[in-house]
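The values are calculated or read from the model by the stated rules, or taken from the named source; none is laboratory data. This is a predicted model, so every value here is computed, not measured. Here the Cβ positions follow ideal geometry from the backbone for every residue, glycine too, while neighbour counts run over all protein chains shown.
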Amino acid sequence: MKKKEKKPNFSKSHKLYVRRLRRDKFIVIFFRIFVLVAFLGLWELLTYYKVLDPFFVSSPSRIIKQIGTMASNGTLFSHSWITLYETLIGFGIATALGYLIAVLLWWNEKVRKIFEPYIVVLNSLPKIALGPVIILWVGAGTNAIVLMCVLICIVITTMSMLSAFLSVEEGKILLLKSMNANKFQILFKLVLPSTMPEFISVLKINVGMSWVGSIMGEYLTSKAGLGYLIVYGGQIFKIDLVMAATVILCILAFAMYYFVSLLEKHYGTSRGKG
């Protein structure tokens with residue numbers, strides 16, 4: 001006969017603490033929803049009673065109607081997919097290349113000292129100014145948009161990860177060196193694992209920046225995508241289309257950020273078990 005496992009007997013103070021955490025979490029979620037509903041409701045009321053002109057600010061009901069129209073004629077999914085595709089490609093390339101460049105700069109101190117000032121200058125340069133040059137280099141369309149996205153994200157990734165690599169405790173590195181560990185082993189056994197939280201933070205930053213890059217690229221050169229819809233809606237003074245595209249953009253950006261958050265939770269759980 002197997003013995004029944006005893007349930008852990010938590011103290012009264014611990015139970016109260018857990019209960020308070022659950023209550024606080026519920027309060028936060030409740031007020032998040034409340035603020036959103038209150039904002040949308042007030043917006044709808046102000047436009048309904050003509051306090052605000054819906055021609056200039058639209059309204060939640062008009063936005064929903066516009067999204068429904070776009071979904072029925074297929075433009076919602078086609079334009080959303082184009083922008084999402086460009087963003088994901090730019091996000092992936094910029095993150096991978098930026099991470100690799102940071103590793104190379106950490107590996108060779110002389111190379112880092114040579115190129116670090118140029119990276120700082122490139123980071124301070126307004127990327128939108130490179131738009132015409134980018135179009136001349138790779139042509140108009142998807143390639144130019146992806147390149148714009150990459151240029152915006154890659155420098156941030158490189159600088160953030162390089163800073164994380166250099167902040168690893170020198171004592172731990174010296175300890176591994178005293179055990180005859182080579183630089184390759186130090187990198188994979190210490191530096192990369194210990195900077196995973198910073199890498200996930202970079203992913204979160206890149207989510208927002210990659211969407212900025214793709215929309216900026218679509219502003220410059222595009223015949224499709226959410227950025228194109230925003231520009232087109234502004235040109236024909238159709239604010240409902242502009243706001244609908246913006247709402248869809250927010251939803252997609254939130255979904256992408258949510259997946260990164262799931263990765264963060266998975267990493268935290270795995271690390272805790274380890």
Exercise. Which residue out of Phe199, Phe115 is aromatic (Phe, Trp, Tyr) and modelled with pLDDT under 90?
Worked result: Phe115
Exercise. For the stretch 51-72, how many residues meet the condition of being hydroxyl-bearing (Ser, Thr, Tyr), closer than 17 Å to Leu226 by Cα and surrounded by 13 or more Cβ atoms within 10 Å (Cβ to Cβ)?
Worked result: 1
Exercise. Taking the stated definitions as given, is Ala245 among the aliphatic types (A, V, I, L, M) and outside any helix (DSSP H, G or I)?
Worked result: no
Exercise. Taking Ser178, is it within 18 Å of Ala253 (Cβ to Cβ), of a type in the set (S, T, N, Q) and either surrounded by fewer than 16 Cβ atoms within 10 Å (Cβ to Cβ) or assigned by TED's automatic domain parsing to the domain that holds Ile89 (or both)?
Worked result: no
For this session: Just name the residue that is surrounded by the most Cβ atoms within 10 Å (Cβ to Cβ) out of those in the stretch 187-242 that are within 19 Å of Ala144 (Cβ to Cβ) and among the β-branched types (Val, Ile, Thr).
Result: Ile215
For this session: Residue by residue through the stretch 16-58, note down the ones that are assigned to a helix (DSSP H, G or I) and touching a Leu at 6+ places or on another chain (Cβ under 7 Å).
Result: Leu46
Seminar exercise, completed: Here the residues within the stretch 212-253 that are touching a helix residue (DSSP H, G or I) at 6+ places or on another chain (Cβ under 7 Å) and closer than 14 Å to Val57 by Cβ are Gly233, Gly234, Ile239, Asp240, Leu241, Val242, Met243, Ala244, Thr246, Val247
For this session: Looking for whichever is assigned by TED's automatic domain parsing to the domain that holds Ala255 and part of a helix (DSSP H, G or I) here; the options are Ile89, Ile63. Which one fits?
Result: Ile89
